[in-house]
Amino acid sequence: MNYTSTRDNSVKVSAAYAIATGISPDGGLYVPENIPEFTYDELVEAAKTDYRERAVRVLEKYLTDFTGEELRECVDGAYTGKFGGENVAPVVDIAENRFVLELWHGPTCAFKDMALQLLPHLLTRSVKKTCDGKEIVILVATSGDTGKAALEGFRDVPGTRIIVFYPVEGVSSIQKRQMVTQEGGNVGVCAIKGNFDDAQTGVKRIFTDPEIASELEKHNMAFSSANSINWGRLAPQIVYYISAYADLMNKGVIKNRGDKVNVVVPTGNFGNILAAYYAKKMGLPIGKLICASNSNNVLTDFIRTGVYDRNRKFYTTISPSMDILISSNLERLIYDLSGCDSARVKGWMDSLAATGRYEVDEDVKAKISELFWAGCCNDASTQETIKTVFDSRNYLSDTHTAVALNVLGQYVKEFGSDVPAIIASTASPYKFAPAVLGAVASDKVSEDEFDMLTALCDVSGVEIPAPLAGLKGKAVRFDRVCDGSGMKDTVLDMLGI
Ligand SMILES: *Cc1c(COP(=O)(O)O)cnc(C)c1O
């Protein structure tokens, strides 16, 4: 299986090359040349195995330059003993036809772990296959969850270094604490005076700075990326939709061959829901893909009208991992739906860069409305949903998952659907404790993050995840702060070159 670029069909690279380098030089994203099939018979067989075996069976269809043995090593390294209980991604039955797929039992309590625990294993092997001997430097700009998950995934991975920049005022205090106390000999963390865009712009500038590139070259190092434009982050996400369906077969929810489920995903950069789209295209019986947004509802409008327009107010919400106006992975969807027409995609992306807007053609619009449905909800409705679901179902959801539950409610109200729905749950409620506590017991909200973890535990009876409880006693290792212009020196200094 080869990979090509969404902006230039003449590109042809291996999976290992796509993973090692992250993004195509033309600015496009790497996509598989075709989407492999996962047959119903394979699904029946997969249902008899565990998450890791299912992962190998899905990944071997995409990463054909890896041996089965290599994939098994990668998957075992990523998922064995790191995701709480037996089941890496458990499906929890919260109401009739509502199944919450909990993706946050990994070391940083957000769904980013599902891919970022595996990516370092895939990346180091990809580097061996394509540019052996180089030390890889991962640079990350984060608004919270990605930074911590990437640090935890790459910590002490031989042949890699990782440096994370976060906006000094743009992350929650739990998220900050998770990062500044990070352990490991190959990690670095620095705060940026500014917002997430400043951090992101600074990182992009360093990636393309010829001076720093030659400095790295001299020391036999090279940059790579751990964000969701990397195919190595997307492929692992396809697995859990297939695994969830297999679990529903085992639970007897799926009774007949081909019975459909709807999938609801709280969406930001469009990576998670794109993985569900690929699973459907592989043959998984998914009905509608329901895209849920917060007040930053650029995707809701796009799915409803075919017009993508980022020229709008940016809201800071209680579901901050979805506060995003440019959903990078949408490019992969419109590439596929346009019949792999890289010239058309390039046109739309050029228009987005120049004007902040593009409109897809009628053929693509028609396919989008057949496959997807979209809705959004604001902070007040998100908190109302957390409270209602907790009071009526005794299920505590985080703010992002609550957006998905709310939007599913809207869908069911409009269409009266009785198709079972899988709701992707993307974070532990404890990761966003102030907003969750505010929803279920507003009188218990206080100044201290750790008091609020305890209060939420008292109210809900849900155990505080050990990685978050353990933060309290951890020493701060990184207190460095710089402005955008100081990022380059920070990188060189942290690398010791
Ligand atoms: C990253 C993130 C999302 C958004 O996922 P995308 O793949 O970017 O659409 C949703 N919820 C949480 C908690 C996240 O960390």
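Dividing the alpha-carbon Rg of the range 347-497 by 2.2 N^0.38 Å yields what? Display every interim value, and only then the final one.
Numbers: Rg = 21.7 Å, N = 151, 2.2 N^0.38 = 14.8 Å.
Dividing the Cα Rg of the range 347-497 by 2.2 N^0.38 Å gives 1.46.
Quote to one decimal, in nm, the extra length available between Arg393 and Val462 on full extension: 0.36 nm per residue of separation minus the C-alpha distance between them. Intermediate results must be reported in sequence, preceding the final value.
Working: separation 69, 0.36 × 69 = 24.84 nm, distance 1.35 nm.
The Arg393-Val462 span can extend by a further 23.5 nm.
What does the charge add up to near Lys472, with Lys and Arg as +1, Asp and Glu as -1, over the other residues with Cβ less than 12 Å from its Cβ?
On the way: positive: Arg177, Lys474; negative: Asp448, Glu449, Asp451.
In short, -1.
In whole Hz and in residue order, list the ³J(HN,Hα) couplings for the range 351-360 that follow from phi through the Karplus curve 6.51 cos²θ - 1.76 cosθ + 1.60, θ = phi - 60°; x for Gly and Pro.
5, 4, 5, 7, 10, x, 8, 7, 10, 7
log10 I(q)/I(0), Debye, Cα-only the chain, no solvent, q = 0.07, 0.08, 0.10, 0.13 Å⁻¹?
Debye curve over Cα of the chain, log10 I(q)/I(0) at q = 0.07, 0.08, 0.10, 0.13 Å⁻¹: -0.34, -0.45, -0.74, -1.36.
Suppose R0 equals 45 Å; then what is the FRET efficiency for Ser442 and Val481 from their Cβ-Cβ distance, rounded to the nearest 0.05? Spell out each step's value before the answer.
Details: r = 33 Å, r/R0 = 0.74.
Efficiency, from the Cβ-Cβ distance: 0.85.
Starting from the Cα of Lys431, draw a straight line to each of the lysines and keep only those under 23 Å, dropping any in the same chain fewer than 8 residues away.
Lys82, Lys112, Lys148, Lys176, Lys387, Lys444, Lys472, Lys474
Asp363 versus Cys131, label points 7 Å from Cα toward the beta carbon: distance in nm?
Going by the 7 Å Cα→Cβ label model, 3.7 nm.
List, in order, the whole-Hz ³J(HN,Hα) value for each residue of the range 309-317 obtained from phi through the Karplus relation with A = 6.51, B = -1.76, C = 1.60 and θ = phi - 60°; use x for Gly and Pro.
The phi angles translate into 9, 8, 7, 7, 5, 9, 9, 8, 10 Hz.
Using alpha carbon centroids, what distance separates the range 117-132 and the range 241-308, in Å?
29 Å
If we count every other residue with Cβ under 14 angstrom of Met494's Cβ, Lys/Arg +1 and Asp/Glu -1, where does the sum land? Walk me through the intermediate numbers first.
Numbers: positive: Arg161, Arg477, Arg480, Lys488; negative: Glu135, Glu215, Asp479, Asp489, Asp493.
Summing Lys/Arg as +1 and Asp/Glu as -1 gives -1.
Quick one: which residues, 5 or more positions from Ile290 or on another chain, have an amide H under 5 Å from its amide H? H modelled 1.01 Å from N in the peptide plane, none for Pro or chain starts.
Val263, Val264, Val265, Trp373
Show me the ranking of peptides 120-129, 467-476 by mean Cβ neighbours inside 10 Å, starting with the highest.
Working: 120-129: 22.1, 467-476: 12.8.
Those peptides, ordered most packed to least, come out 120-129, 467-476.
Each residue of the range 57-62 in order: what ³J(HN,Hα) in whole Hz does its phi give by Karplus 6.51 cos²θ - 1.76 cosθ + 1.60, θ = phi - 60°, with x for Gly and Pro?
With coefficients 6.51, -1.76 and 1.60, one gets 5, 7, 5, 5, 6, 9 Hz.
Please report the projected area of the range 255-387's Cα convex hull averaged over all directions, in nm².
Values: hull surface 36.0 nm².
Reported value for the Cα convex hull: 9.0 nm².
What does the highest-first list of 248-257, 403-412 look like by mean Cβ count within 10 Å? Before the final figure, lay out the partial values.
Details: 248-257: 13.2, 403-412: 24.2.
Ranked by mean Cβ neighbours within 10 Å, highest first: 403-412, 248-257.
When a/c reaches 1.5 or more, the comparison of a/b and b/c decides; with that in mind, is the range 49-144 rounded, prolate or oblate per its Cα gyration tensor? Numbers along the way, then the final one.
Values: a/c = 2.54, a/b = 1.54, b/c = 1.65.
Oblate is the answer for the range 49-144, as a/c is 1.5 or above yet b/c matches or exceeds a/b.
Give the long-range amide H neighbours of Asn9: residues separated by 5 or more places, or on another chain, with amide H under 5 Å away, using H modelled in the peptide plane at 1.01 Å from N.
Here Ser342 satisfy the definition.
With N denoting the number of residues in the range 89-129, provide Rg(C-alpha) divided by 2.2 N^0.38 Å, to two decimal places.
On the way: Rg = 14.7 Å, N = 41, 2.2 N^0.38 = 9.0 Å.
So the range 89-129 has a normalised radius of gyration of 1.63.
Under 5 Å between amide hydrogens, which residues at least 5 positions from Ser224 or on another chain qualify, with H placed 1.01 Å from N in the peptide plane?
Val137, Ile138, Leu139
What is the Cα centroid distance between the range 180-197 and the range 344-370, reported in whole angstrom?
First find each Cα centre; the distance between them is then 35 Å.
Please compute the modelled spin-label separation between Lys413 and Leu471, points set 7 Å along Cα→Cβ, answer in nm with one decimal.
Result for the modelled spin labels: 3.4 nm.
When a/c is below 1.5 the answer is rounded, else prolate if a/b is larger than b/c, else oblate, so apply that to the range 201-270 with a ≥ b ≥ c taken from the square roots of the Cα gyration tensor eigenvalues.
On the way: a/c = 6.62, a/b = 3.28, b/c = 2.02.
Prolate, since a/c reaches 1.5 and a/b exceeds b/c.
Percent of accessible area on the chain owned by carbon and sulfur, 1.4 Å probe?
On the way: 9050 of 18990 Å².
In the chain, the share of accessible area belonging to carbon and sulfur is 48 percent.
Once both labels are modelled 7 Å past Cα along the beta-carbon direction, what's the Asp493-Asn2 spacing in nm?
Placing both labels 7 Å along Cα→Cβ, they lie 4.6 nm apart.
Taking the range 253-352, how many lysine pairs are there with alpha carbons less than 16 Å apart, if each pair must be eight or more places apart or span two chains? Don't skip to the end; give the middle numbers.
Numbers: Lys260/Lys280; Lys260/Lys281; Lys260/Lys288; Lys280/Lys288.
Going through the range 253-352 pair by pair, I get 4.
Enter the accessible area per residue of the chain (Å², integer; probe 1.4 Å; all protein chains in place).
Working: 18990 Å² over 497 residues.
Per residue, the chain has an accessible area of 38 Å².
The values are calculated or read from the model by the stated rules, or taken from the named source; none is laboratory data. As the structure is a prediction and not an experimental result, all values here were calculated from the model. Glycine also receives a Cβ, built like all others from the backbone with ideal geometry; neighbour counts cover every protein chain displayed. For the accessible areas, the whole protein counts, side chains as well, though only heavy atoms, and no ligand, DNA or RNA atoms are used. Shrake-Rupley method; radii C 1.70, N 1.55, O 1.52, S 1.80 Å.
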